Amino acid sequence: MYIHQALILCDDMLEHLEGVEAHLVVHTTLPELNKFEERMEWLSRSAVKAEMLVITTREEEENKKGGKRREAELEVQQRLPAKDIKPVVKVDPLDPKHSHETQKNIPPTENDKEQQISLGMEDTSSNALEKLQPHQTSFEVKNTELAVDESSPAAARPDPPGDAHLNAAQPSEASDAEFQELLKAWNLRNAAKDLDLPPAPSGPTEEPSCPELPDTTTSDVRVVDDTASLDSFQTVEDSAASLAVEPFSAARTTVYNYGVLAWSRHLVVPCYDLGGAPDISTNIGQAMHQLGVAKSRARAVQRFAWPHVSSGKSVIVVGNMQIGKTWSYLPTVCQRSHKELQCRPADGHGPSCIFVCPNQSQGKQIGRWMSTMLRSLGSEVAFEDVVTHWDKSQVADIVCRLSRPVGILLTSVDLLFELLSTHHSRNAPIFDPQAVKCIALDNLNDMVRLLPDLTMKLLKRLPEVLKLTQSQSQTKCNLYVSGRIWHTDLMVQRILPLMRDDVLILFDDALEASVYGGVQLDTQLVQEDQKIEQLKRLIERRQPAEQRAVVVCSSAAEVLQLRRKLDAMGLNAETCVSEACYANVAQWRQQSTVGPLLVTDDVVPRLRCGQLTLLVHYSLATSWMRFKQRFSLFYENLKAPALHAGGQSVIFVQATDVDSIWILSDFLLKHELPRPIHFLAILSQRRLAEPQHPGRLKLCRQLTAFGDCLRHSCKYRHVMWQHEVPPPAHYPTTGPIRFSVLACNSPASLSVRLGDHFPTVVHFLNVPMTQLGQQVQRHYEVEEHRRRHPNPVPGERAVVKNINRYERADVVSVENNGKVVVQLLDTSTELVSYNASQLYACDAIFKDQPREAMEVRITGLEPQSLDRLWPEDVRNVVRKQFFSRRQNKRNRQFYAVVQATIHQTIFVRDVHDEEGNDLRSFVTSRFRAHEDERCLDKLTAMVQSSRDFPQGC
């Protein structure tokens with residue numbers, strides 16, 4: 001027999017052989033019986049029947065007689081391969097031609113693209129990586145790793161130290177007789193399969209454990225390894241179900257070995273470094289190495305993204321910061337824009353690629369990376385490679401430059417929307433739908449957080465102008481999206497419809513992947529002495545009894561203590577507190593009726609527990625990152641058919657875990673999950689420890705606006721002094737009021753002026769001005785009347801020049817940097833910062849006059865966030881649409897009914913205009929908002945708990 005090609009590998013690599021035709025298998029060493037049985041299981045999946053040859057040595061027979069055998073259930077042996085073994089990627093058995101050596105040159109067929117899906121997990125252990133790749137000895141970590149965002153040069157880092165003690169394991173002993181007996185058992189098993197009989201019981205098939213992982217909670221990225229080994233990869237068929245509606249509806253099975261959840265309808269072959277993405281040019285790769293990116297290997301998400309994106313497909317990357325999301329598609333953006341630009345006609349217009357960032361600070365760094373890579377490619381045309389747009393005042397120049405072909409337009413959400421909606425037209429186009437080949441939305445979650453309204457408008461405008469929803473016969477424009485959060489509604493309704501069926505979705509965050517997969521999150525407030533009873537009820541509630549539950553604790557001592565308590569209650573439980581216990585987990589998985597599995601955070605990264613019905617967080621993790629890692633236990637659910645997918649995660653929280661409660665509440669609100677009222681009640685009752693001199697602190701604005709404070713940390717005072725409660729004497733306290741709006745501070749807060757008390761006599765610079773305001777303006781226009789304030793202190797009255805108007809103001813605070821914060825009195829209630837030299841002394845004739853501007857606030861109307869800050873674009877929509885000045889009506893009047901007046905704020909249920917339109921419904925029907933029905937009660941409690949001003953402060 002002629003051997004065409006020989007492959008030498010160890011048992012740990014067998015799982016990569018499925019679909020590879022093997023005609024001859026030579027066993028040079030024999031492992032333990034159960035390990036050999038696992039070896040035969042993998043070899044049986046070959047497409048052809050293979051002949052087998054066993055080579056044994058005399059030393060093995062002697063050792064066998066000496067009784068040196070070790071039990072696999074007691075100790076897991078780690079094996080490392082020879083240095084010349086390279087990674088092998090498992091592919092579909094129906095398509096054996098896709099081996100590691102040929103995958104670069106043989107793309108998947110169209111039928112493959114419609115019928116295949118890849119879904120995998122990448123291990124977070126750097127030691128597992130060394131089982132597949134030679135040790136890197138020349139890589140050096142630079143100090144710039146911690147400099148910028150996720151796409152910084154920190155993407156490449158060395159293998160962690162401390163692996164020198166791991167040597168190749170010596171082969172374990174087995175005799176020829178045992179081998180023959182094992183072959184007989186194996187033949188019987190195959191016969192049973194052919195007869196549709198149940199197979200004989202076999203030993204566990206779990207993977208061997210790995211050395212202890214480094215703590216992933218550290219902030220030093222040099223210690224965190226998210227580029228683990230490609231232990232296995234499998235492709236399966238996908239159903240025709242819509243990705244946007246039911247992404248996990250297909251019946252399929254995959255292997256759990258990756259730290260990244262990858263979803264695609266097409267064959268996805270991950271790479272180890274840039275060499276596995278041949279479509280990325282050598283020049284681009286060299287430029288990336290100069291920037292410190294991928295010098296040694298690709299990061300976890302980049303391993304999937306680079307081959308996929310560079311071949312002309314779309315991608316969505318979701319994960320934490322500093323994981324290399326931007327670099328997953330930035331090389332392709334630069335290379336593709338450069339290629340398209342060389343072919344653009346001279347009479348063309350607009351960019352070939354559009355790159356959108358949340359703000360200028362992030363965009364400038366990306367622009368520098370773009371320039372470096374584009375310089376490496378050179379250019380044969382006189383067109384601009386990159387056009388950056390960060391300044392509204394420069395829009396005319398940008399429009400002129402876009403009238404010719406350019407490579408990349410790098411800009412922000414608001415400025416791109418302005419270009420699309422205002423400056424692009426059929427007669428004067430600046431965007432060519434046929435020329436735009438890719439669009440990148442970098443850090444989408446920040447766009448949604450800072451400018452939610454404009455982001456939604458942009459996502460609606462883009463397909464209209466660039467015809468992204470046209471048929472594929474028009475033009476192919478790829479969309480690249482990255483972010484830290486999976487916004488289900490946004491992705492399903494806006495993003496995925498713009499992508500073709502070649503999209504790849506990557507999750508580097510187990511918790512975000514669980515939200516995507518439909519895992520139910522249930523947070524429960526449980527006292528310490530009641531946790532065991534609550535856990536018992538959860539376990540007994542499982543139907544049927546074979547449904548599996550895992551309970552995670554923060555320490556091994558807690559696990560052992562919990563097991564003793566459950567044993568006393570008559571509940572059997574299995575434990576796993578170290579790598580030596582992984583064999584117990586394998587036995588637990590094989591049992592039909594099981595109790596809960598109790599584990600610690602230390603074993604979670606390498607734990608294989610199968611599909612779960614229930615995951616109980618008995619105690620919280622020591623960090624948020626370790627807590628999110630627990631949800632990797634749900635990956636088997638996410639890879640299963642829809643009937644078994646999902647699961648429930650129950651989180652036990654105590655009322656004293658304030659920091660954890662805030663983080664969990666923030667997560668739930670950002671993902672638009674049910675509002676955690678029981679958690680927010682705890683946060684609202686929290687008060688910071690009173691400092692030594694509380695009288696010197698300013699009053700918290702959240703407290704006076706909502707009756708409580710939900711900030712994670714707050715440096716302001718959370719108790720009112722009794723003299724602060726009463727409002728100024730001329731403020732209305734009950735009944736209806738009629739007013740004009742001076743400024744819209746937020747959708748729920750207005751600066752108003754009562755028309756009956758302070759009638760308008762003139763408009764100055766488009767601002768209504770009363771008689772007092774007119775007198776102040778005329779007085780301080782005379783230079784000799786303007787005297788600098790000698791020593792501004794909080795509480796004093798001064799005069800400032802605000803937008804060419806002289807206005808009265810109260811000094812609020814004097815900062816250490818010499819700035820003075822004042823509150824305007826007559827045209828607004830906003831706080832403004834000035835230099836001390838810009839304050840003028842307020843003359844006596846104006847000092848004692850009452851303030852004319854008052855704050856009116858809609859009671860209980862607040863944004864869906866713990867900081868309670870309305871986005872700027874939402875405020876602009878309310879200001880321009882609801883409070884717009886109509887033709888021939890410069891002094892629009894509004895009406896409200898006073899509910900309460902506390903301090904300097906008038907609380908009303910709603911605000912109506914003259915046509916009967918109300919502000920509350922205008923806001924709640926357009927934006928994410930929360931209406932707190934208990935707000936007035938909390939304000940009343942705040943007043944009732946006010947104290948006397950402390951003496952000596």
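The values are calculated or read from the model by the stated rules, or taken from the named source; none is laboratory data. Since the model is a prediction, treat every value here as computed from it, not as a measurement. Positions of Cβ are generated from backbone atoms using ideal geometry, with glycine treated the same way; all protein chains shown enter the neighbour counts. Protein only, heavy atoms only, side chains kept; ligands, DNA and RNA dropped before computing areas. Shrake-Rupley method; radii C 1.70, N 1.55, O 1.52, S 1.80 Å.
As an exercise, use a Förster radius of 35 Å and the Cβ-Cβ distance of Ser833 and Asp756 to find the FRET efficiency, rounded to the nearest 0.05. Write down the numbers at each step before the final one.
Numbers: r = 33 Å, r/R0 = 0.95.
Approximately 0.60, to the nearest 0.05.
Charges only on Cβ, +1 for Lys and Arg, -1 for Asp and Glu: so what's the dipole of segment 836-953 about the Cα centre, in debye to the nearest 20? Present the calculation step by step, with values, prior to reporting the outcome.
Values: 19 positive and 18 negative charges, 82 e Å.
About 400 debye.
Spin-label pair Val465-Ala844: with each label point 7 Å from Cα along the Cα-Cβ axis, the two points sit 6.1 nm from one another. Highest mean packing first, where packing is the average number of other Cβ atoms within 10 Å per residue, the peptides 783-794, 595-606 line up as 595-606, 783-794. Considering only alpha-carbon pairs that sit under 8 angstrom and 6 or more positions apart, the relative contact order computed for segment 253-508 is 29 percent. Taking amide H as placed 1.01 Å from N in the peptide plane, Ala440 has its amide H under 5 Å from the amide H of Ile354, Phe355, Val356, Tyr480, each at least 5 places away in sequence or on another chain. Count the DSSP beta bridges whose two residues both fall in segment 253-508, then state the antiparallel fraction as a percent rounded to the nearest 5. Bridges in segment 253-508 are about 10 percent antiparallel. Between Lys364 and His678, the C-beta separation translates, for a Förster distance of 51 Å, into a calculated FRET efficiency of about 0.70.
Averaged over residues, the count of other Cβ atoms within 10 Å places the peptides 897-908, 716-727 in the sequence 897-908, 716-727, highest first. At the residue level, Glu579 shows approximately 50 square angstrom of accessible surface with a 1.4 angstrom probe and all protein chains present. Legend: residue pairs Lys364/Lys476; Lys437/Lys467; Lys313/Lys339; Lys392/Lys467; Lys364/Lys715, Cα-Cα distance threshold 22 Å; pairs beyond threshold, Lys364/Lys476; Lys392/Lys467; Lys364/Lys715.
Here the label points at Gln530 and Thr28, each 7 Å from Cα along the C-beta direction, are separated by 6.3 nm in the simple model. Each 10 Å bin from zero up to the one holding the largest Cα-Cα distance in segment 826-953 carries the following percent of pairs: 9, 30, 33, 22, 6, 0. Estimated from the Cβ-Cβ distance and a Förster radius of 30 angstrom, the FRET efficiency linking Val725 and Leu869 is about 0.75.
Amide H to amide H distances under 5 Å link Val406 with Gly350, Ser352, where only residues 5 or more positions off or on other chains count and H is placed in the peptide plane. Sequentially through segment 840-856, phi angles give Karplus couplings (6.51, -1.76, 1.60; θ = phi - 60°) of 10, 5, 8, 5, 4, 5, 10, 5, 8, 6, x, 5, 9, 8, 10, 8, 10 Hz, Gly and Pro residues having no value and appearing as x. Karplus-derived 3J(HN,Hα) values for segment 395-411, using 6.51 cos²θ - 1.76 cosθ + 1.60 with θ = phi - 60°, are 5, 4, 5, 5, 4, 5, 5, 6, 6, 10, x, 9, x, 10, 9, 10, 7 Hz; glycine and proline are entered as x. Per-residue accessible area (protein heavy atoms, 1.4 Å probe) orders Thr422, Thr523 as Thr422, Thr523, starting from the largest. Amide H contacts under 5 Å for His930: Glu862, Gln864, restricted to partners 5 or more places along the chain or on a different chain, H placed in the peptide plane at 1.01 Å from N.
Relative to the Cα centre, the charge distribution of segment 290-433, modelled as +1 at Lys and Arg Cβ and -1 at Asp and Glu Cβ, gives a dipole magnitude of about 720 debye. Backbone phi angles across segment 671-681, fed through the Karplus curve with coefficients 6.51, -1.76 and 1.60 (θ = phi - 60°), yield HN-Hα couplings of 9, 6, 7, x, 5, x, 4, 5, 6, 5, 5 Hz in residue order; Gly and Pro are listed as x. Here each label is just a point 7 Å from Cα along the line to Cβ, and for Asp501 and Asp918 those points are 4.9 nm apart.
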